[in-house]
Amino acid sequence: MFLPFFIFIQKYIMFVPNHLHLLVKGYLLNPPKTEDTLNKWLSELVDNVGMKVVAGPTSVYVDEPGNEGVTGTITLATSHAAIHVWDAEEPAMFQFDIYSCKDYDPNIVLNHIDKHFDLKEAYWSFIDRNEDTFFELKNGKWIK
């Protein structure tokens, strides 16, 4: 049986992981306050960075005093993304990370946060986790 060339190539080319981890701490002027809002945001983020969802998103609102806010995760074919927002603070603080074996651009992620939640400022670190010791590729401060 003859396989078209692209199927033949696809069958014999294996995915080569590139372990990259983006950590972000920042402040939002218009934070998400519901599970539905955060789930939609996580799904759109995955589309924007060209990854594939294998489970989720799953978000819950935490109402524990001092820890109030929505938290969410999404499982990717290449790993995960997770966020927690403390919406009782002014401005609202968040911590976010996305780890993936697929290459991606941290600026796409930061712009996605800003577009949806009005990012005031953020501090971020982009880490290469390919070796036994981690290597910081880039870091920065995002200011509106």
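Values computed for the structure shown
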| quantity | calculated |
| --- | --- |
| Correct choice for Cα Rg over 2.2 N^0.38 Å that was computed from the model, options (i) 1.19; (ii) 1.23; (iii) 1.06 | (i) |
| Local net charge near TYR99, Cβ-Cβ under 13 Å (Lys/Arg +1, Asp/Glu -1) | -1 |
| Helical mean residue ellipticity (222 nm; -39500 (n - 2.57) per DSSP H run of 4+; nearest 500) of the chain | -7000 deg cm²/dmol |
| Using alpha-carbon coordinates, inclination of helix 35-48 to the longest axis of the chain, degrees | 40 degrees |
| Over 23 Å between alpha carbons, listed pairs LYS102/LYS144; LYS102/LYS138; LYS25/LYS144; LYS52/LYS144 | LYS102/LYS144; LYS52/LYS144 |
| FRET efficiency, ASP47 to PHE135 (Cβ-Cβ, R0 30 Å, nearest 0.05) | 0.60 |
| Set of aspartates and glutamates near LYS141 by C-alpha distance (under 12 Å), chain-local residues within fewer than 8 positions excluded | GLU121 |
| Cα centre as origin, Lys/Arg/Asp/Glu Cβ charges: the chain dipole, Debye | 580 debye |
| Net charge over other residues, Cβ less than 14 angstrom from the Cβ of LEU45 (K, R count +1; D, E count -1) | -1 |
| Modelled FRET efficiency - R0 41 Å, THR34 with ASP128, Cβ distances, 0.05 increments | 0.70 |
| Label-point separation, ASP105 to ALA55 (7 Å along Cα→Cβ), nm | 3.1 nm |
| Residue exposure sequence - ASP63, ASP97, ASP118 - by fewest surrounding Cβ within 10 Å | ASP63, ASP118, ASP97 |
| The chain: angle of helix 106-117 to the longest principal axis, Cα-based, in degrees nearest 10 | 40 degrees |
| Sparse-neighbourhood loop sites, GluC sites (Glu not before Pro) in region 72-144 - DSSP loop, at most 16 other Cβ within 10 angstrom | GLU89, GLU131 |
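Quick note: the coordinates plus some simple rules give every number you see, no bench work behind them. Computed from a predicted model, the values in this text were never measured in an experiment. All Cβ positions, glycine included, derive from the backbone under ideal geometry; neighbour counts span all protein chains shown.
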